[in-house]
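Below: the structure, in structure tokens.
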Amino acid sequence: QVQLVESGGGLVQAGGSLRLSCAASGSFFSINTMGWYRQAPGKQRELVARVTSGGSTNYADSVKGRFTISRDNAKNTVYLQMNSLKPEDTADYYCNADVRPRSWDVALSYWGQGTQVTVSS
């Protein structure tokens, strides 16, 4: 079983910064892409950023230049550094990872429980 545990959310003023972390634990063969998604009240969940095991990244246009995703493969952990936060960044942020349980398995998608980010104006 794979678990994703997020941390680092909270309340911050506009223009401030937060760093989210998500650590994967359990028994598995490898982790492919890891990413962060967010869901604001009344809206659909959307991709924020993701990073492959090789380090390639992509970002939502709304966060480019402000957010940075990174990962530590040795720790099975992905980070999201969020700078210049805006009130519209307020949402629940979810970690996602594509995990191969065994070497011959296809990757399965796992989600964290979510962490709340609130940006006040």
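The values are calculated or read from the model by the stated rules, or taken from the named source; none is laboratory data. All figures in this text were calculated on a predicted structure; none of them were measured in a lab. Cβ atoms come from the backbone with ideal geometry, glycine included; neighbour counts cover every protein chain shown. Just the protein is used for accessible areas: all its heavy atoms, side chains included, with ligands, DNA and RNA removed. Shrake-Rupley method; radii C 1.70, N 1.55, O 1.52, S 1.80 Å.
Brief remarks follow.
- Residue-by-residue Karplus 3J(HN,Hα) for the range 50-58, coefficients 6.51, -1.76, 1.60, Hz, glycine and proline x: 8, 9, 7, 5, x, x, 6, 10, 8
- Column: log10 I(q)/I(0), Debye, Cα scatterers of the chain, q = 0.14 Å⁻¹: -0.55
- Computed label-point distance, nm, for sites Ser7 and Asp72 using a 7 Å Cα→Cβ extension: 1.1
- Probe 1.4 Å, protein heavy atoms only - accessible area per residue of the range 15-121 in square angstrom: 52
- The GNM of the chain, with springs linking C-alpha atoms under 10 angstrom apart, assigns the highest mean-square fluctuation among Gly42, Gly15, Gly65 to Gly42.
- Sorting the Cα pairs of the range 11-70 by distance into bins of 10 Å, from 0 upward, gives 18, 46, 29, 7, 0 percent per bin.
- Measuring with a 1.4 angstrom probe and ignoring ligands and nucleic acids, Trp111 comes out at about 110 Å² accessible.
- Gaussian network model of the chain, Cα within-10 Å springs - most flexible of Gln44, Gln81, Gln13: Gln44
- Accessible area of the chain belonging to carbon and sulfur atoms, whole % at 1.4 Å probe: 46
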